Each structure stands twice: as C-alpha cells, then as structure tokens.
1. Want the number for residue 50 to residue 198: 0.36 nm per residue separation, take away the alpha-carbon distance, what's left?
2. Listing 145, 226, 89 from the residue with the fewest other Cβ atoms within 10 Å to the one with the most, what is the order?
3. At what distance in nm do the modelled label points of residue 206 and residue 227 sit from each other, each positioned 7 Å from its Cα along Cα→Cβ?
4. At a Förster distance of 35 Å, what's the computed FRET efficiency of residue 29 paired with residue 246, Cβ-Cβ distance as r, to 0.05?
5. Cα gyration tensor of the stretch 185-282, axes a ≥ b ≥ c as square roots of the eigenvalues: rounded (a/c below 1.5), prolate (a/b > b/c) or oblate?
6. List 227, 134, 102 from most exposed to least, where exposure is judged by having the fewest other Cβ atoms within 10 Å.
7. Positive end of the dipole of the chain, charges at C-beta (+1 Lys, Arg; -1 Asp, Glu), about the Cα centre: which of 229, 126, 45 has its Cα farthest in that direction?
8. If you take every DSSP beta bridge whose two residues both sit in the chain, what share of them, in percent to the nearest 5, is antiparallel?
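Since every read-out is calculated from the coordinates, none of them should be taken as a lab result. Keep in mind that what you see is a predicted model, and the values were worked out from it rather than measured. Glycine gets a Cβ as well: all are built from the backbone with ideal geometry, and neighbour counts include every protein chain shown.
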Amino acid sequence: MRIIWHSNAPFNSSGYGVETALFVPRIASLGHEMIIAAPYTFGGAVLEWEDWKILPSVRDPAGVDVIAANYEYFGADLTITLADVFGLLKAIPSLSDMNVAHWFPVDTNPLGEGDVTVLREGGGIPIAMSQFGHRVLQAEGAEPLYVPHGVDTEVFAPGDSGTYRDSVPQIGPDTFVIGMCAMNRDPQRKGFAEQFLAFSRFHARHPDSVLTVHTSPVAPSPASNLHGMAARLGISSAVMFPEGYLYDMGMIGREQMATWYNGLDVLSMCSYAEGFGLPLIEAQA
C-alpha cells in the first residue's frame, strides 16, 4: 500500500513528531510505501528524512488545502492522520472521497463536536490512543481501533541517575527531585498552578527538594508566567527550567530527556486533560 502519514515531522520534538519517527519506519517495514505530510511543522519545500519524503504546508497550517491533492498526486491508498481531528473540519468534502484513518486524542467526554462532525461527515476509521478514548468513541456509535502511543525503549530505559543529578549544582546526594514535563501553552490544562502550590507545601516540610520543569517558563498568557508563579510561592530557588534557547529551538534531544527522567525521584503529571500524555510512558520506561 501507498500510505501518506499526515502529522508532525519526525524531527519535531512534539509528542506527535516523536510518534511519527517511531511509527513510520515500523509501518514501512511491513512492506508499505510511506510518505510523510508535515504541514504542522514547516512549509515551502519538500524535505527528506532517512528514506522518506516529507511534504510541507502551503497555505493552511493543518494542511487541509493540500490533503486531497497529496492523496491524488501520490496515488495513495490510505492517509493516516495523527492530529486533532477537529482541525480538519475544512477538509470534510475531501476526506469523504479518500481512504483515511484518524489516530487522534480524545480528552473530553462526550466527544468534542468538531471531532464528531469530521468523523460523521468526512468518514474514515477512528483510532483511539487510550482506552478512555476508545470508550468515548464507542459511545458515539463509532467502531474505533485501539493503538496506544509508543516509546523507544532503546533510548528511554533505566540508567545512571547521577548523570543528570551531578550536573545540577542545586541537587545533592539526598535531594528529592520532582519533575514536570508539559507544554506551557494555556494557564489551566496542565495544572501548573496546582502542582507548584503542592510543591511549595512539600518543600516547606522537606527543604532538600527541587522541582525541575521541562517547559518554557513564559507563555502568551500572563497567567502562565511560571517564574512569577514560583516567586509568589517563595520557591524560585528550588524550581528549575531548561536553558531557554535550547528548549525553544528544540535542541534538547531524546537522549538528554532520558537522562533527565533517570535523575528524577518522581514525575508529577497532574493535568486536567490529556489525549495520551507521552511523558507518562517515557518516564515509566
């Protein structure tokens, strides 16, 4: 089969980019010809990654203006989308003429209206990435497949905790290290305020503790100023963030993340909603 994989590019450090890098080679190894469409990541030129072409965006950042053209031009037998389905609303007329499968996050109950509309009017096979999503889709009358997100256990594996801990001056031999890994894009969904408050109370009882947060401390919303949040709680000296430029430019690689996970005593991930939550299985691995 000729399959177009419509998602983030494999070199993108987002969860979707990580899954693209994991699943495209595995599907191709089954004998399928794969092409990657990554409008969410870049535009303006066709790139190559390992053995596969990567198609860009043109005018729409979700690629709804080219999803059908890509399908026709490459003579695809199937397009697999790994994205928020509601972002494909404008593509419904095109989707109904394609063989398409949507692997997407379900983080509401009942299913969001945009997701329902795309599935009912655009058709396609829904693929749940969590058991929760599978149940919600079934409640809408769908017959979803179930494929959980994956993790590269060659990279994310038990290792020496000292590699990370010894590199941070604030961390001593007995320091209790709590980690958070979450995009700082809105002031509520990831529960930064609640977890910072919880850490401030923990830190008051256990001063030899730190909270290391793999995210950007600044976001478009003033409520997501994590430096300010830590200062108001009196924990600035115990809260750490990655080097800003390296984080913003996506220069912190998977091997560095695995080293970071190995240095933690616990991962705190008390978010209000997750489509899957990739750091959970990365930390477990």
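1. Numbers: separation 148, 0.36 × 148 = 53.28 nm, distance 4.42 nm.
Additional length available on full extension: 48.9 nm.
2. 145, 89, 226
3. Simple spin-label model gives 2.9 nm for this pair.
4. On the way: r = 33 Å, r/R0 = 0.93.
In this case the efficiency is close to 0.60.
5. Numbers: a/c = 1.34, a/b = 1.18, b/c = 1.14.
Here the stretch 185-282 falls in the rounded category.
6. Working: 227 12, 134 20, 102 25.
Going from least to most buried by this count: 227, 134, 102.
7. Towards the positive end, the residue furthest out is 229.
8. Working: 3 of 35 bridges.
That works out to approximately 10 percent antiparallel.
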